[in-house]
1. Out of region 436-446, which residues are part of a loop (DSSP other than H, G, I, E, B) and surrounded by fewer than 19 Cβ atoms within 10 Å (Cβ to Cβ)?
2. Report the residue count in region 234-249 for those that are away from the ligand (no atom under 16 Å from the Cβ) and out of contact with any helix residue (DSSP H, G or I) (no Cβ under 6 Å at 6 or more places or on another chain).
3. Select, from 420, 405, the only residue that is assigned to a loop (DSSP other than H, G, I, E, B), under 19 Å from residue 151 (Cβ atoms) and in contact (Cβ under 8 Å) with a residue 12 or more places away in the chain.
4. Which of the residues that make up region 76-91 are within 14 Å of the ligand (Cβ to nearest atom) and either surrounded by fewer than 18 Cβ atoms within 10 Å (Cβ to Cβ) or more than 15 Å from the chain's Cα centre (by Cα) (or both)?
5. Out of everything in region 220-233 that is assigned to a helix (DSSP H, G or I) and in contact with a helix residue (DSSP H, G or I) (Cβ under 7 Å, 6 or more places away or on another chain), what residue ends up being nearest to the ligand (Cβ to nearest atom)?
6. Which one of these is away from the ligand (no atom under 15 Å from the Cβ), touching a residue at least 24 places away in the same chain (Cβ under 8 Å) and surrounded by 23 or more Cβ atoms within 10 Å (Cβ to Cβ): 185, 137, 193?
7. Out of region 252-309, which residues are within 22 Å of residue 111 (Cβ to Cβ), part of a loop (DSSP other than H, G, I, E, B) and within 16 Å of the ligand (Cβ to nearest atom)?
8. With respect to residue 209, determine if the residue is touching a strand residue (DSSP E or B) at 6+ places or on another chain (Cβ under 7 Å) and either outside any strand (DSSP E or B) or farther than 21 Å from residue 290 by Cα (or both).
Ligand code: G2I
């Protein structure tokens, strides 16, 4: 019988593990399988998230589950264009801010959804076209990404811009009619506004190798070749009763382009295969090192946008469904991973048995870079951490987010801020900074 890596490890008794530790044999990973989705995903440096809304923050049963199970959230509606800019130039961040501050208080990361989309546009934008619409759209990207700067792990910069069916081309929309370059203009504006966020293109019906996903694949390849800033592709994965046999292969081909892949809106029609499909999707992500996280599109079945499909992991009473257990087991089975959201310029080290470790991921351009540092707790929870980074000579740190720096050149020290000093055992938090020159390549030190 083939026993998965973590499963094998779980077979070690506590006493045997203690002997190995005493003998100085390094053990990474946890002795016990984690019991929540977020903690299980964190064992391989991934996140497990849920779409939610500010109005649910006062629902006790709901929030108990959300806080227990997830280490990432995304706004189901609260950060869309109609919600954040209801009148042109007048921005409303109230609900988005409430979600962000809840996430920060619990050490969760936040996905931003979505800066530009043909749907859910405010009525004033629906009435615009040409350069007036283009300017309004880019201004929207700049304003919203600037407002949330440093607080968003990944932005869906552009959502659902490709056509369904066999064309592999763009969807017609008012945004598309402003010129084919509207997507790259949005990505460039987002990078300028929030250099620390990963910038994603997000779409549905891309759950295998097909004409639509190939159209997106070609766009990402083109962006990478021309230096248009793009870091990730979101595969929404609103699924029916079967899973495309090329699901994992599709994730892999995007990863091979040098972008992260995120499963961004997972839900699966109930009936027959639901638990198996959830497990297969999770295993496919776990099998690809650059598949860095999964988000489910809602918490309890009755709240899903898919009325009657019961496509989520918890029933209406908040009970775990079979699909929940299937996902948890798939997360605990582990898989290949590169801690610190791998990129060609990433360096990292495995989590320390106690204390903490840190890894760096760079987004570099000619003359500057942003660095994302992941701080991973070892076998004990952290209550405050300090990371040392060596900045190559000639360059300097110009700004930092989610951490406070001492010094800007040479050996620079970053300390946690009020909301991210506490990291659960095996969990992680991330901070970032922008710098001039070339980015740090040595593995940062971490002390707790
Ligand atoms: O349609 C499913 C998802 C497809 N990918 C992009 C996602 O953003 C999209 O999410 C859904 C939300 O789950 C729905 O909750 O997007 C819909 C359209 O924005 C959301 O529905 C809208 C209703 O259409 C509005 O009438 C309502 O005011 O939700 C709004 C807030 O409750």
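1. 437, 438, 441, 442, 443 - these are the residues of region 436-446 that are part of a loop (DSSP other than H, G, I, E, B) and surrounded by fewer than 19 Cβ atoms within 10 Å (Cβ to Cβ).
2. Total meeting the criteria: 6.
3. Only one candidate passes the filter, namely 420.
4. 77, 78, 79, 80, 81, 82, 83, 84, 86
5. 220
6. Step by step, each of 185, 137, 193 is checked, and only 137 is away from the ligand (no atom under 15 Å from the Cβ), touching a residue at least 24 places away in the same chain (Cβ under 8 Å) and surrounded by 23 or more Cβ atoms within 10 Å (Cβ to Cβ).
7. Scanning region 252-309 gives 297, 298, 299, 304, 305, 306.
8. no
The values are calculated or read from the model by the stated rules, or taken from the named source; none is laboratory data. Just so you know, these numbers come straight off a predicted model, no measurement behind them. All Cβ positions, glycine included, derive from the backbone under ideal geometry; neighbour counts span all protein chains shown.
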